[in-house]
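See below for the structure under consideration.
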Amino acid sequence: MIAFETLHAAPPALTAHAPLLMVVAPLIAACAAALAPSARVSWMISVTGSVFAAWMALAVAGEVARRGVVDYVIGGFAPPLGIALHIDGLGVMVALLVSSAGVMASLYSGHSLTTEVGAEKHTLVQSGFLLCQTGLLGLVATGDAFNAFVFLEVSSIGTYALVAIGEKRDRRALPAAFNYLIMGTIGATFYVIGIGFLYAATGTLNMADMAARLATLDDSSVVQAGFAFVVVGLGIKAAMFPLHGWLPGAYSYAPSLISIFLAATATKTSIYLMARFVFDVFPYGAAFGQAFVTWVLAPLAATGAIVCSLQAVFEKEIRRILAFSSVAQVGFILLGLSLATVGGASAGLFYLGAHALIKITLFMALGGVALSLGARRLGEFAGVAREAPWSATAFAIGAASLAGVPLTLGFLAKWRLIEAALQAGAIWVVVVLAIASLLTFLYVGRMLEAIFFRAAPAGAPRAREAPVGVLAPLWVLAGLNIWFGLDASLPEQLANSAARALLGAAP
Amino acid sequence: MSFFLSHFNYIAVAILMMAGLFVLFSSGNLIKRMIGLAIFQTSTGLFYISLAKVFGGTAAIAVEPGSSEARELASRLDPAYVAQYGVDGVVYSNPLPHVLILTAIVVGVATLAVGLAIAVRVREAFGSVEADEIDVLSRVEATQPGPQA
Amino acid sequence: MNTGELLIFLALAVPLFAAAAIYAVGRMPDVRETLTIIACIALSVITISMFMRVGAGDPPTLTVARPLAGLEIAFRLEPLGALFALMASLLWGVNSLFSVGYMRGKREANQTRFYMCFALAMFAVMGIAMAANLFTLFIFYEVLTFSTYPLVTHTGDARARAAGRVYLATLVGASLVLFLPGIIGVQIVAGSTAFTQGGLLPGRVDATTGDILLLLLVFGAAKAALMPLHGWLPSAMVAPAPVSALLHAVAVVKAGVFAILKVSAYIFGPDLISTLPAATWLLWIAAGTIVIASVIAMTKDDLKSRLAWSTVGQLAYVTSAALLPAAAGLVAGGLHMLVHAFAKITLFMCAGAIYVATGASKVSEMRGLGRSMPIVFSCFLIGALCVIGLPPFAGMWSKFLLIKAAFGTREWFTAAAMVISSLLGLLYLAPVALRACWSRLAMDRHAPSSVRRRARTGCCGADDHSCSMCRAVPAGGWRRQLSCANRGEGAMSEGTQDVAPKEKPQLGEPGEHPLSVLLFSWMRGKLFFRLLMAGLSALGAVLIALEVVLSHRPVTSLVNMPGFFGIFGFLAFGIAVLSGWPFGKLMRRPEDYYDTRSGEAGRDR
């Protein structure tokens, strides 16, 4: 256990403004990075900004542990009229996740960009990456429903452009980015329309205030329509089955820096916002919220978990396998949340964190190898284990964790999910989880077989081991997979307090 | 019928929205898709403005109570409206949705710009802006080995 | 850390360290194999001293990690585990000596991986043997599965990979779908998974929950090969003989029955077991497994396959023993596990020795070989008689205790199955050795002298390629191999290896997996879109028509369902977004505004 209560990560003067600084730091860094004279300088700015944001997130975590919730009033205008940042246990968990993923990705970016992106674009890519980080952190921090839309779009617009940058290695990045843009914009616009309905019904945009007023309004058809729009909009952004069409392309063809960061954070923050709306803003006790969770969210999550795992089994390109796997894992997370118990929410959020760590490890290992080997399909990865043993081993650790092999974080995540499902008496969820896990084993097995047990055909291009600058963050992540597999008290603590914040009860 | 008349602005929103989505989905041309997307986004603008509008309301610029301007504005109000809500003096439209939609428009413009930029790059890379042809070329790409760094 | 804890630590550390060391010195075979032997000896010393300490004072306990609240990775030394650890470490030593000879004799590839995985498997076995709770046992059980997978697929050819897939799919599948939910169920019911003297669950479960948990846990331990989860064991026969010995005697299947024994003794306890109906059902299944496996074993000509089926049957003895509602059953089960391990490893080493020396893998080819290999076949006979349970061999005692326990608890089915299977064993194991000694040489009739000579001198040692040919010949024996050899190499490979899959006209994307085509390609067909469009149009028309006819009063009770309109709206939007793309293709009109001069697709559809 880490005693967050006694964690004073930053001096009081900074801590007082930490919620805002956490969001603004990457924004300022983004401007600076765009103006930076050279790639190296922009990289250093990027690392500094990300590290600073993570530091502030830690400071916020300490405050939240002490006070339960941190409200930061921007410009001294008190909510509900003024705009406020509002961070509770759930927000802290996702903020820590996003900011630490940002640190890892920015460390990694120093080497990956040189091969993947033209030299003249480095500074702009770093700037876009930081903007994306700003958007995601702002989304987590804000207590205002409309601000959430703005932050969502800030991060998304950055992401569209960055995905398109991947064209240098694979021109399919362009149509993928275009599709992502269209789907993402439809999702965001749905969300705005939904917020409009809710504003019409409640007259406020502050989420806490809205929740209080909605509690008396749960029969209103305006509210229900708003709910539907918000959930569909966020469902697209979170790649909830069957609204996930944009994800495989966007993850597969983007530069590896972006894949890494997106895989760990993008869908996670949207799930965060969706959970916030479904369980927190809307009165969950209301019949329509429960009916939605039981009859729509849970079945879709289950179908997504199985169908997308199956599609991953049949995919041939390794990054597309991982992308489909991501959609399936979103299903796992939503299944946990849809149990609508504190245990289930805690397990789902635990899974959310675990999956972020797993996918960032896998995409980083893959990116490290792909720096020297332009391989896409499974067959082309034959024999990589011999030429790049460190990257391959880290990949194997991540893959084992994804499959849920004991002694890794992924195993504990599955354990908690099954435990929560059994406790909630949802046997069918256990069955779905077991089937999807088996399919996960299948595609993980295919990847590992290609990398470890197949010899490279003669004359095939050889991979080189990734540079130390990539291996260092990669092995930190792989090590965390194992470490948390042996002692998961930190993620468990975060997930539990997040679930308590979400459903408001003692575990 | 009166329902339709009194809600004609919302009906316009719905029609615009559906028209935008229709163009978006029915067209294979990337530029036309962007046009559809723009129409779709614009419909939200109308929606928000409709929300904010108060009959007889004026722009949210403070007017000195009791001034001639205030009296003139108040006189324009529908007596039935005044009777129903018991308003006194100037009625302002809600400024907040205007502000919101201003932000949304900025976001929309940015999205549009990025989307069109990508469309240009697609044309350069694939020689076409037709989704079908790009699909075919992408599938061919999927069978090729990756580039060497 | 007192001596007991130190021993536990060393028992885990020695094989793990050995695995790392073997990897490090992989380029030097002599050093590598010396290391293996040293590790075997060290581990044996450790387990012997552990075995001596059992029963004296408090059992030593070592807690390594606590991943989640209420879950511990912890070890404790208790008699059954000490017995298992001792057995495994001793047999590892014996088996390693044998492996050195076998692997060198056959010049196998990837030997470093082989020895390393072997050491890792021993690490897992030590973890299983000393696990203090089900959670720890499960973890090491899985480590054992994954560390033995490269061993099963050691040869790397198509058959080995297929067997490996079956192996992984069955074991991992059963443990994920059955074992893990069972363990989590225990955790929820009892708040812990610790192995407790007299049982963890008594007083905490009703009969139904107990039944479900027992079924999940017993079938989940698929390494015990209880029917119908036994298929992986015979198919894993493609592995080299030392691996078979590992699977059948040292580690894998023993880990399965050991897990069942532990679950029976320390999770349920004999008292609870005796009240559960599921235990009776499982006893019947085990009795069926015993008899059916023995019958199938009689029909097998391949010696290793025959031994594998015999193992399936013998394991069911131990499973039965664990489920007998009496503590006596547990003692008999533990003893049988031990005895069978020693007997089976003897048999497999004999089979391996015969194969290395003569290339013969079928019982029918072994007639008369006993005259040139008297020692090997004598050992085989001893092992066979031990498995069958004839005096004066050890198998007699365990079978005696087993059948006595079965009679004592009035489980007539089980007792009868054991007796019948012993008689069948007499029919399918003993004759292998007896015929080898007393028949004429089998090949006199079938093979010309050149093949015979090669068989005697050891074709495998001399000629790697011919050896792999021997293995590749699925059936048909010498005659077929001879004819293949006459036709030359090309014909040989064509006849026995996988034919490369031909290019077929495909619906899906180029090179797409056929099952994927089957599952998803129908969505890409033209007809599908037309039907979809027509169906949706008709639906829309009907809905519009209904709109005129129907009143807007709530016509069905569905409307009164809470949140109906919310859900309806959600689904409608979901469908609208989803169907957008395919619809786009349908609704598109021909367009002719392209600049055709630049050679682009001027389209006129």
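The values are calculated or read from the model by the stated rules, or taken from the named source; none is laboratory data. Note that the structure is a prediction, hence the values are computed from the model and not measured. With ideal geometry, Cβ positions are generated from the backbone for all residues, glycine too; neighbour counts draw on all protein chains shown.
Numbers below:
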item: Condition met for A:ILE186 (crowded, with 24+ Cβ neighbours inside 10 Å, of a type in the set (A, V, I, L, M) and more than 9 Å from chain B (Cβ to nearest Cβ)); result: no
item: Some residue of the stretch C:69-91 being more than 23 Å from A:ALA403 (Cβ to Cβ) and modelled with pLDDT under 80; result: yes
item: Spans of helices (runs of 4 or more DSSP H) in the stretch A:1-83 with at least 3 residues within 30 Å of A:LEU113 (Cβ to Cβ); result: A:18-35, A:39-67
item: Tally, over the stretch C:286-337, of residues that are more than 24 Å from C:GLU78 (Cβ to Cβ) and aromatic (Phe, Trp, Tyr); result: 1
item: Residues of the stretch A:387-404 classified as within 12 Å of another protein chain (Cβ to nearest Cβ) and touching a residue at least 40 places away in the same chain (Cβ under 8 Å), total; result: 6
item: Count of the stretch C:395-408 residues which are crowded, with 18+ Cβ neighbours inside 10 Å and either out of contact with any Ser or Thr (no Cβ under 7 Å at 6 or more places or on another chain) or closer than 14 Å to C:LEU323 by Cβ (or both); result: 7
item: Scan of the stretch C:226-257 for residues that are within 12 Å of the chain's Cα centre (by Cα), of a type in the set (A, V, I, L, M, F, W, C) and farther than 24 Å from C:PHE380 by Cα, ordered by number; result: C:LEU226, C:LEU229, C:TRP232, C:ALA255
item: Within the stretch C:59-73, tally of residues that are facing chain A (nearest Cβ under 7 Å) and charged (D, E, K, R); result: 1
item: Lone qualifier among A:GLU465, A:GLU419 - being more than 18 Å from the chain's Cα centre (by Cα), more than 9 Å from every other protein chain (Cβ to nearest Cβ) and of a type in the set (D, E, K, R); result: A:GLU465
item: Scan of the stretch B:98-144 for residues that are facing chain A (nearest Cβ under 7 Å) and of a type outside the set (A, V, I, L, M, F, W, C), ordered by number; result: B:THR103, B:THR111, B:GLY115, B:ARG121, B:SER138, B:GLU141
item: The stretch C:409-426: number of residues that are under 19 Å from C:ALA322 (Cα atoms), out of contact with any Gly (no Cβ under 8 Å at 6 or more places or on another chain) and touching a residue at least 12 places away in the same chain (Cβ under 8 Å); result: 7
item: Some residue of the stretch A:323-332 being in contact (Cβ under 8 Å) with a residue 40 or more places away in the chain, within 12 Å of another protein chain (Cβ to nearest Cβ) and farther than 24 Å from A:PRO473 by Cβ; result: yes
item: Qualifying residue in the stretch A:328-340 (condition: under 30 Å from A:THR115 (Cβ atoms), in contact with a Phe, Trp or Tyr (Cβ under 6 Å, 6 or more places away or on another chain) and either polar (S, T, N, Q) or surrounded by fewer than 24 Cβ atoms within 10 Å (Cβ to Cβ) (or both)); result: no
item: Top-ranked residue of the stretch B:3-33 - restricted to ones that are away from chain C (no Cβ under 14 Å) and under 16 Å from the mean Cα position of the chain (by Cα), ranked as nearest to A:MET183 (Cα to Cα); result: B:LEU16
item: Spans of helices (runs of 4 or more DSSP H) in the stretch C:300-399 with at least 3 residues aliphatic (A, V, I, L, M), under 20 Å from the mean Cα position of the chain (by Cα) and closer than 27 Å to C:ILE285 by Cα; result: C:303-323, C:327-358
item: Matching helices (runs of 4 or more DSSP H) fully within the stretch C:118-191 where at least 1 residues are at the interface with chain A (Cβ under 9 Å from one of its Cβ atoms) and polar (S, T, N, Q); result: C:180-190
item: Unmet criterion (only one of (1) modelled with pLDDT under 90; (2) surrounded by fewer than 18 Cβ atoms within 10 Å (Cβ to Cβ)) for B:LEU24; result: (2)
item: Odd one out for C:THR136 among (1) farther than 24 Å from A:LEU417 by Cβ; (2) among the polar types (S, T, N, Q); (3) crowded, with 19+ Cβ neighbours inside 10 Å; result: (1)
item: The listed residue being modelled with pLDDT of 90 or more and touching a helix residue (DSSP H, G or I) at 6+ places or on another chain (Cβ under 8 Å), out of A:GLY166, A:GLY138; result: A:GLY138
item: Residue among C:ALA255, C:ALA174 that alone is hydrophobic (A, V, I, L, M, F, W, C) and farther than 26 Å from C:PRO59 by Cα; result: C:ALA174
item: Hits in the stretch B:80-120 - residues which are surrounded by fewer than 18 Cβ atoms within 10 Å (Cβ to Cβ), more than 12 Å from the chain's Cα centre (by Cα) and at pLDDT 90 or above; result: B:ALA110, B:LEU112, B:ALA113, B:LEU116, B:ALA117, B:VAL120
item: Tally, over the stretch C:257-278, of residues that are among the β-branched types (Val, Ile, Thr) and touching a Ser or Thr at 6+ places or on another chain (Cβ under 9 Å); result: 4
item: Some residue of the stretch B:47-61 being at pLDDT 85 or above and of a type in the set (A, V, I, L, M, F, W, C); result: yes
item: Conditions (1) farther than 22 Å from A:VAL431 by Cβ; (2) aliphatic (A, V, I, L, M); (3) out of contact with any Leu (no Cβ under 6 Å at 6 or more places or on another chain): number failed by C:VAL177; result: (1)
item: Positions within the stretch B:56-115 being part of a helix (DSSP H, G or I) and among the small types (Gly, Ala, Ser), in sequence order; result: B:SER68, B:ALA70, B:ALA74, B:SER75, B:ALA80, B:ALA83, B:ALA104, B:GLY108, B:ALA110, B:ALA113, B:GLY115
item: Considering residues of the stretch C:425-461 that are at pLDDT 50 or above, under 35 Å from the mean Cα position of the chain (by Cα) and surrounded by fewer than 20 Cβ atoms within 10 Å (Cβ to Cβ) only, the residue nearest to C:LEU315 (Cα to Cα); result: C:LEU426
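Yes/no matrix, rows are residues, columns are (1) crowded, with 19+ Cβ neighbours inside 10 Å; (2) without any contact (Cβ under 8 Å) to a residue 40 or more places away in the chain:
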| site | (1), (2) |
| --- | --- |
| A:ALA25 | yes, yes |
| A:PRO37 | no, yes |
| A:VAL51 | no, no |
| A:ALA57 | yes, no |
| A:ILE74 | no, no |
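Yes/no matrix, rows are residues, columns are (1) crowded, with 24+ Cβ neighbours inside 10 Å; (2) more than 17 Å from C:ILE345 (Cα to Cα); (3) touching a strand residue (DSSP E or B) at 6+ places or on another chain (Cβ under 9 Å):
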position	(1), (2), (3)
C:MET227	no, yes, no
C:ALA241	yes, no, no
C:SER244	yes, no, no
C:ALA251	yes, no, no
C:LYS254	yes, no, no
C:ILE260	yes, yes, no
